[in-house]
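Everything on this sheet refers to the single structure shown next.
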Amino acid sequence: MQNSISYRIADFLKRFPPFSNIPEATLQEIATEVNIVYKEKGSVIFKQGEATHPHYYVVHKGAISLWSTHEQLCLDICDEGDIFGLRPLMANDSYRLDALAEEESILYAIPIAVFRPLAKNNSAVTTFLVESFASNTRNPYASMPKGQLLGDTVKFDANRHSTDFLDFQPVTYTKDLVTATSNERIATLAKAMTMHRIGAILITENQLPLGIITDKDLRNKIATGLHSITENAASIMSTPVITYPAQLSVAQAQMGMMKNHISHLVLTEDGTTNTKAIGVLSKHDIMLSLGNNPAVLVKAIKRSKSVEEIKSLRMGVMNLLRGYLKQNIPMALTANIIAELNDVCIKQIITLTLQRMTSGPPVPFAWLALGSQGRKEQLLHTDQDNALVFANVPDGQLPTTQSYFLELGKKITAGLHAIGYDYCPAGMMASNPKWCQSLDGYRRTISAWITNPGPNEVLLSSIFFDYSLVYGDAILISQLSKHITKTIRSSPIFLSHLAKDALMSPSPTGFFRQFLVEQDGEHRDYFDLKKRALMPLIDAARVLTLSEHITGISNTWDRFKKLAEIQPQNAELFLACSYASKALLKFRTKQGLAHNDSGRFISLDKLTKEEKVKLKRTFKSIKGIQELINTRFMVSRLQ
Amino acid sequence: MMTKTKKELPAFWKAYAASFKNGLSQDLSKVSLVVLDTETTGLNLKKDRILSIGALRIENGQILTKEAFELFLEQEKFNAQTVSIHGIRKTSAVQKIAELEGLKKVLTILENAILVAHHVGFDTGMLNTSLKRHGLPKLKNKTLDTSVLFHRSLPRSQQKANSHYTLDELAAFFNISTSDRHTALGDAYITAIAFWHIIGKLKPTSTKELLKKGRFFSWPISF
């Protein structure tokens, strides 16, 4: 019987797929059969291996986490409107995952016996459920949006590939297979190969691979006169063919070709000759894959002789980044590789510029990357923030020395601009006399910041203190670092000011966990990912590492990792922050690539449910770290 | 006299009484609960009458939507002032049943479950007076009051001195939609969800402990 509870349930369900595709009357019918379940935080809904329930579940309130027991891995977090526990709908066996209440939750249990017949003839519903079922077993950090089937995502195995960059790119192969049967005449085959511009043709029988004929066969067996072009394919084809599964890394493919002395690998569904051929992989395909490889790019950048050349190579870097994100390669690794490549580009610009100066540098100098580039968190193009330090010279020589380095700085920043780095609107660049100083000049500047910290000083130091050496003399930098830690030790109040600044970022969520969006301006109703989520973590990491007198680490997640080491009592929070900063940067980068902007402002209605949950999960760490900073640096006393 | 009355008790009451032969399990997850709400013509236990009853049963930690019901009772008494609250007019289109039929349905769903209501003393009081009108004994169920339980779940600093909380306050506190407030089943539902949230905070280890915490204060006359 319909009653006010079933109306409530139907009202809720109709907002979410697949129920949004179910006619109102049917949904009402289903709703009367639904049970409402309350789960305390931390309680179990079902365990792996447990016999399936006669229901599947929709989260009404709260959040449910799905765990793979043997991997100890959280696979997904379901919140309002998400469905889980679909196994009994698909298969009559036990659950494969654990479902735990991440928060106090209210669930709607949809009885399968009722739901199945009602949804049976609704293909939209069935498709959605099948896809959800598949995606529930998928890693939540996978790059593919929800609704993708498991088989479509390439799984990256971090343990196996952590050392070799070449390895982890899966091969791309020719999917438009050109095949022929074994009784086809060789002349016809050769014509087909020419027409399709392919170096090999697969001979199949009932779609199963039987043999292969390559350019080499035509040369060795036909051109030499051993066989006539009027003969059948069977007379010259290599058989049996060597087959591999399609999920093959570049390295594995190379090994396969070397081992068998062949130039083409046939890829089949399961890697044996008993399943359908799905592609042919040639040495040429591998060469192409390698072209999209960091080692190859580095070599090319280092060989480049002009800014234009570097600019076009940077396009390759962006493609690589896109590929990495798509393949779900760990963010720390991706950021490192991209940062290294950016580094190489900048170094090459500096090298080229130095060659074009009329004279060599009068004294040793160092080129520093500041801000996000210094933190190695710059994946997409953003502004250039940099500085140049040169060794101390006698006062009389200072003007000429500085003007030499200023000229160098101007040329280098122009070069960086040419390859795609925008000029810093605040002028924080080595072309500015303020940021092109001697070591002693910087020492004075830094001392002034630390001993007399106004808002402007705090802002400048927060950008400057994330420096890292890109080019030049490392000793200059270590002297600079020493000076910073020494000065902070004598003026600890500076840290409180830095801490206060770190807490200034506005909160990402409101009381009811809703996202807070910008109220006015150009980005009204957009979520400011940088200001509300990334900056609080970056600022927190900086002030905490400075307070521990750690120098030489400017990357946010590395800073948090280091902090976790030296303050084991807070390790859990620091590691969560380390993870959150990685996740957020990845998020920003993906958004940026998708919309071709900096990825900073996000339109919430374009996010999937899953993306929202992922974002929200990082906010917990932000709140935690801000509380820690507030108490540790007694920020409230400053106000 | 007593024995005579007992003999006259109808079969549905006997079945109800028989369900109490087995005591309550001390394992809270195994105890059945019935969450109930009544809409009445007013707040006077003697003069006013029940207009509708909403009830739902919680079994194994689940509300069984199908078993939940809302009844509208035929009553001679009518109070125009409360119509604006519950929206039940004297002659409205909803199907009404006789009071005794309604009581019978309530007893059937109740059995020996723990009866949960917001200000449970009022609901049991109303039910008991109407049972009495039909020559039936009082309800035998253990009861829990969500107002009292809520009071006990709050830190002392946040407790109200008069320990009186409205269902709207609970709904706001636990962020429960009040779209169907002031329908008997709608209120019963809000009460049930609030009850769950309170249990989540109180974390009682046994049925006995929960009953102790939810023992209602005497019904305030001033209410």
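Note on the protein assembly as shown: with charges restricted to the Cβ of Lys and Arg (+1) and Asp and Glu (-1), its dipole about the Cα centre is near 1680 debye.
Rounded to the nearest 100, the interface formed by chains B and A buries 2000 square angstrom of accessible surface, both chains summed, with a 1.4 Å probe. What chain A shows is 46 Å² of accessible area per residue, with the surface traced by a 1.4 Å probe over protein heavy atoms. Computed with every protein chain present, the accessible area of A:TRP67 is close to 80 Å² [probe 1.4 Å]. In the protein assembly as shown, a dipole from Cβ-located charges (positive for Lys and Arg, negative for Asp and Glu) runs towards its positive end, and of A:SER359, B:ALA171, A:ALA335 it is B:ALA171 whose Cα lies farthest in that direction.
Each stretch of four or more DSSP H residues adds -39500 (n - 2.57); spread over every residue of chain B, this sum gives -11500 deg cm²/dmol at 222 nm.
Okay, helix-only estimate at 222 nm for chain A: each DSSP H run of n ≥ 4 adds -39500 (n - 2.57), divide by all residues, round to 500 deg cm²/dmol; what do you get?
-14000 deg cm²/dmol
Mean Kyte-Doolittle of at least -0.5 and a Cα length of 27 Å or more along the axis: which whole DSSP H helices of chain A meet both? Long hydrophobic helices here: A:307-326, A:331-356, A:398-418, A:571-595.
Is any residue of the stretch A:344-381 close enough, with backbone N under 12 Å, to a label point placed 7 angstrom from the Cα of A:ILE475 along the Cα-Cβ axis, and if so, which? Zone members listed by number: A:364-365.
Each of A:VAL389, B:VAL94 has its accessible area taken with a 1.4 Å probe; listed largest first, they run B:VAL94, A:VAL389. Solvent-accessible surface of chain B, taken per residue with a 1.4 Å probe and all protein chains present: 50 Å². Which links in B:LYS21/B:LYS66; A:LYS120/A:LYS606; A:LYS586/A:LYS620 stretch past 24 Å when you go from one Cα to the other? Listed pairs above 24 Å: B:LYS21/B:LYS66; A:LYS120/A:LYS606.
If I compute solvent accessible area with a 1.4 Å probe over the protein chains, what percent of it on chain A is carbon and sulfur? Accessible surface attributable to carbon and sulfur in chain A totals 54 percent.
Residues of the stretch B:37-78 buried by at least 50 Å² of accessible area upon assembly of all protein chains, compared with the chain on its own (1.4 Å probe): B:GLN62, B:THR65, B:LYS66.
Ranking B:ALA161, B:ASN112, B:GLY54 by how far each Cα lies toward the positive end of the dipole of the stretch B:26-213 (charges on Cβ) leaves B:ALA161 at the top. Size of the protein assembly as shown: Rg and Dmax of its alpha carbons, in Å, are 36.3, 123.
Charge dipole of the stretch A:179-282 (Cα centre as origin; +1 on each Lys and Arg Cβ, -1 on each Asp and Glu Cβ, all else neutral): 280 debye, rounded to the nearest 20.
Using 0.36 nm per residue and subtracting the Cα-Cα separation, the extra length available between A:GLU24 and A:LYS326 on full extension is 104.9 nm.
Taking each residue of B:192-199 in turn, how many C-beta atoms of other protein chains fall within 10 Å of its C-beta, and what is the average?
On the way: counts 3, 5, 0, 1, 7, 5, 0, 2.
Shielding by partners across B:192-199 averages 3.
Remark: the stretch A:355-422 carries a charge dipole of roughly 200 debye about the Cα centre, counting +1 on each Lys and Arg Cβ and -1 on each Asp and Glu Cβ. Ranking B:GLU39, B:GLU59 by solvent-accessible area of protein heavy atoms (1.4 Å probe, all protein chains present), from largest to smallest, gives B:GLU59, B:GLU39.
Candidate cross-link partners of A:LYS482 among the lysines, defined by an alpha-carbon separation under 26 Å and a same-chain spacing of 8 or more, comprise A:LYS347, A:LYS376, A:LYS434, A:LYS500, A:LYS561, A:LYS562.
Calculate, for B:GLN62 and A:LYS606, the FRET efficiency according to 1/(1 + (r/R0)^6) with r their C-beta to C-beta distance and R0 56 Å; round to the nearest 0.05. The computed FRET efficiency comes out at 0.95. The accessible-area ordering, largest first, of the residues A:LYS411, A:LYS41 stands as A:LYS41, A:LYS411, per a 1.4 angstrom probe.
With coordinates expressed along the principal axes, the C-alpha atoms belonging to the stretch B:26-213 extend over 45, 31, 30 Å, beginning with the largest. Projecting the Cα atoms of A:ALA91, A:THR230, A:PRO536 onto the charge dipole of chain A (Cβ charges, centred on the Cα centre) puts A:PRO536 farthest toward the positive pole. Relative contact order of chain A, taken over Cα pairs closer than 8 Å and 6 or more residues apart, is 9 percent.
Solvent-accessible area of A:PHE365, all protein chains in place: 10 Å² (probe radius 1.4 Å, heavy atoms, ligands and nucleic acids excluded).
Using a cut-off of under 17 Å, list every residue of the stretch A:430-467 whose amide N is near the label point 7 Å from the Cα of A:SER490 along the Cα-to-beta-carbon line. Taking a point 7 Å out along Cα→Cβ of A:SER490, the residues of the stretch A:430-467 whose backbone N falls under 17 Å are A:440-453.
Filter the GluC sites (Glu not before Pro) in the stretch A:296-395 down to the DSSP loop ones having no more than 16 other Cβ atoms within 10 Å, then list what survives. It would help to have the intermediate numbers written out before the result.
Details: sites: A:GLU308, A:GLU309, A:GLU340, A:GLU377; in loops: A:GLU377.
Sites meeting the loop and neighbour criteria: none at all.
If you plug the beta carbon distance of A:LEU459 and A:LEU398 into 1/(1 + (r/R0)^6) with R0 = 45 Å, you get a FRET efficiency near 0.95.
Heavy-atom accessible surface of A:VAL178, to the nearest 10 Å², is about 30 Å², with a 1.4 Å probe and all protein chains retained.
Fully extending the segment from A:MET258 to A:LYS191 would add 21.3 nm, taking 0.36 nm per residue of separation and subtracting the current Cα-Cα distance.
The values are calculated or read from the model by the stated rules, or taken from the named source; none is laboratory data. All of these numbers come straight from a predicted model, not from anything done at the bench. Please note: Cβ atoms are built from the backbone with ideal geometry, for glycine as well, and neighbour counts cover all protein chains shown. SASA here: full protein model, heavy atoms, side chains in, ligands and nucleic acids out. Shrake-Rupley method; radii C 1.70, N 1.55, O 1.52, S 1.80 Å.
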